Structures are given as structure tokens and as C-alpha cells.
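Rule-based calculations on the coordinates, nothing more; no lab input. Predicted model, so just to flag it, every value in this text is computed and none were measured. Positions of Cβ are generated from backbone atoms using ideal geometry, with glycine treated the same way; all protein chains shown enter the neighbour counts.
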Amino acid sequence: MQQSTTSLRQNNLRHILARLPEGVQLVAVSKFQPLDALADLYEAGQRVFGESRVDEVVAKAAALPADCRWHFIGHLQTNKLRRLLPIVHMIESVDSLRLLRLISVEAERIGRTIDVLLQVHVAAEETKTGFLPSEIIPAAQAALLLPGIHIRGIMGMATNTPDTARIAADFAAIAALASELRTVIPSATTISMGMSGDWHIALAHGANSLRIGSSLFGPRLQ
Ligand SMILES: *Cc1c(COP(=O)(O)O)cnc(C)c1O
């Protein structure tokens, strides 16, 4: 039983990796998945994992090999920054200038520079978080002055809808913002978009980093 779950996850990984063009990164979204699920993918070569809760990523980082790379993709409570920053490799879900400033101050305090993505809100749902498209360039300009962060690009989500034209339009809007951002910060080249249900569409619109959870691991525990 255990063996077959392992090979199922590893087969899912190989199946997806075989379909990614050169230069596209896969972030395995392992939130709410047990350690052995991450270990299965690690054994098959995966190193980049996406997590959405600080307590969980801190525990997993302590338990798994040190060459794992942890991307934070959830809502970040500022009182947990101190625990997150020593172990995180990228914060993909930065959604306010206030958070950028706090990350920079804490990063400087511990002698690190933290890679971040600006999360943009283009989806129709009110519940999704992120900067408004019009706020991205002003935020990037302000962030250029912050010594503790490197802005590496943009993260976004499409509307949760069966309407593939709407999903495609959302991804096109995120990619357009990413190229606008590169005029301000040329090294901000990451376009993180596409999840289990829509990554094919994201790739067609220029994604170079995918965040895939359930298609790798199966359903989450929560
Ligand atoms: C959970 C999550 C994902 C992965 O979702 P799946 O549909 O399981 O692939 C991607 N991005 C973010 C921001 C998430 O919270």
C-alpha cells in the first residue's frame, strides 16, 4: 500500500515534469500533505516545495534534507515572519508594501536578502488577495529602496471558473504586468501562475514557475 502510494506520487511528478518546457520551474505545493508525501517526491528529485502556513513549513524544513527549497505561498501573518525568514527561499505571496517593509527589516536583522514575488489580484473572486494591478509598479519602485528584499517577479491566480477564456485572460493580464515590472526591475523574471487545474493554460501564456499540489499528491488532508 505504502509502496504504491509512493510510486503514484513519483509517477505524477514524472508525468508533469515531462510536459514542462526547458526553463519552467515546478513548485510542488505540499501544504497539508504529510512528510512522507514530500519525502517521496524528494526521492524522485523534487527540491522546491510550496507551503502556506508558517508552523507547517518550519516543521517540514527541520525534518527534510537541507537542500529542499521552501516557497511560501499563503497569507503571511507578520508576527510569524521571524520564524519564517531563516528557512524560506522565496515568499511568493507578498501583497502589501507594509509586508515588504517588514520582511526587509527582519531580513536585514538576520543578515539575509529574501527573494519575493509580488502577488497580484486579477481574479474575479473578492476572496483572493494581492496587489491591484495598478499598485504593482508603485510597490516595485518603493521596494527598490528596501535593502533586505529582492523582487524576483509576479505571482497570481486565475479566476476559479470552468470558462477557459476567462482563465486565459487572467493569465495574459498577469504576464503583461510581469513585463511591465521588468521595465522597472529587469531581474524580476519569474512569472508564477498555474495550478493543478489550469497549468496548461498558464504555460501557454508565459508562466515560468508552476505551483501544483493535488495533481502531484492527490487530495489534501484539509
Ligand atoms: C494550494 C495552492 C496551490 C495549489 O493548488 P492545487 O490546485 O492543489 O494544485 C497553488 N497556489 C496557491 C497560492 C495555493 O494556495
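Conditions (1) outside any loop (DSSP other than H, G, I, E, B); (2) under 22 Å from R101 (Cβ atoms); (3) touching an Asp or Glu at 6+ places or on another chain (Cβ under 8 Å), marked per residue:
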| residue | (1), (2), (3) |
| --- | --- |
| I136 | yes, yes, yes |
| A142 | yes, yes, no |
| H150 | yes, yes, yes |
| M155 | yes, yes, yes |
| T161 | no, no, no |
| A165 | yes, no, no |
| D170 | yes, no, no |
| I174 | yes, no, no |
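Quick one: is K80 within 16 Å of the ligand (Cβ to nearest atom) and in a helix (DSSP H, G or I)?
Numbers: within 16 Å of the ligand (Cβ to nearest atom): no; in a helix (DSSP H, G or I): yes.
Spelling it out, it is not the case that K80 is within 16 Å of the ligand (Cβ to nearest atom) and in a helix (DSSP H, G or I).
Limited to the range 42-75, what total is found for residues that are assigned to a loop (DSSP other than H, G, I, E, B), away from the ligand (no atom under 12 Å from the Cβ) and under 16 Å from the mean Cα position of the chain (by Cα)? Walk me through it before giving the result.
Taking the range 42-75 first, the residues assigned to a loop (DSSP other than H, G, I, E, B) are 44-47, 52-53, 64-68, 73-75.
From the residues that got through so far, the ones that are away from the ligand (no atom under 12 Å from the Cβ) too are 44-47, 64-68.
Still in the running and under 16 Å from the mean Cα position of the chain (by Cα): 46-47, 68.
Total meeting the criteria: 3.
I need a count of the residues in the range 202-222 that are surrounded by 18 or more Cβ atoms within 10 Å (Cβ to Cβ) and in a loop (DSSP other than H, G, I, E, B).
Our first condition is that a residue be surrounded by 18 or more Cβ atoms within 10 Å (Cβ to Cβ); within the range 202-222, this holds for 202-203, 205, 207-213, 216-217.
From the residues that got through so far, the ones that are in a loop (DSSP other than H, G, I, E, B) too are 205, 207-208, 213.
Summing the residues that are surrounded by 18 or more Cβ atoms within 10 Å (Cβ to Cβ) and in a loop (DSSP other than H, G, I, E, B) in the range 202-222 gives 4.
Does the range 11-21 contain any residue that is buried (at least 20 other Cβ atoms within 10 Å of the Cβ) and more than 16 Å from the chain's Cα centre (by Cα)?
Residues of the range 11-21 buried (at least 20 other Cβ atoms within 10 Å of the Cβ): 12-13.
If we keep only those that are more than 16 Å from the chain's Cα centre (by Cα) as well, we get 12-13.
Yes, the range 11-21 contains a residue that is buried (at least 20 other Cβ atoms within 10 Å of the Cβ) and more than 16 Å from the chain's Cα centre (by Cα).
Can you name the condition, by its number, that L145 falls short on among (1) aliphatic (A, V, I, L, M); (2) within 24 Å of L26 (Cα to Cα); (3) surrounded by fewer than 17 Cβ atoms within 10 Å (Cβ to Cβ)?
(2)
Quick check: is even one residue across the range 168-180 in contact (Cβ under 8 Å) with a residue 40 or more places away in the chain and surrounded by fewer than 16 Cβ atoms within 10 Å (Cβ to Cβ)?
Yes, the range 168-180 has at least one match.
Which count do you get for residues in the range 31-41 that are within 20 Å of S93 (Cβ to Cβ) and in a loop (DSSP other than H, G, I, E, B)?
Qualifying residue count for the region: 3.
Just the residues that are within 16 Å of the ligand (Cβ to nearest atom) and on the phi > 0 side of the Ramachandran plot, please, taken from the range 177-215.
G194
Given the condition more than 17 Å from T190 (Cα to Cα) and aromatic (F, W, Y), answer yes or no: does some residue in the range 46-58 qualify? Please lay out each step first, then the result.
Initially, the range 46-58 is screened for residues more than 17 Å from T190 (Cα to Cα), giving 46-47, 51-58.
Pick out the ones that are also aromatic (F, W, Y) and you get none.
No: the range 46-58 contains no residue that is more than 17 Å from T190 (Cα to Cα) and aromatic (F, W, Y).
Name every residue in the range 179-201 that is out of contact with any strand residue (DSSP E or B) (no Cβ under 7 Å at 6 or more places or on another chain) and either over 22 Å from H150 (Cα atoms) or not in a loop (DSSP other than H, G, I, E, B) (or both), in order of residue number.
Once the filter is applied, which keeps residues that are out of contact with any strand residue (DSSP E or B) (no Cβ under 7 Å at 6 or more places or on another chain) and either over 22 Å from H150 (Cα atoms) or not in a loop (DSSP other than H, G, I, E, B) (or both), the range 179-201 yields S179, E180, R182, T183, V184, G197, D198, H200, I201.
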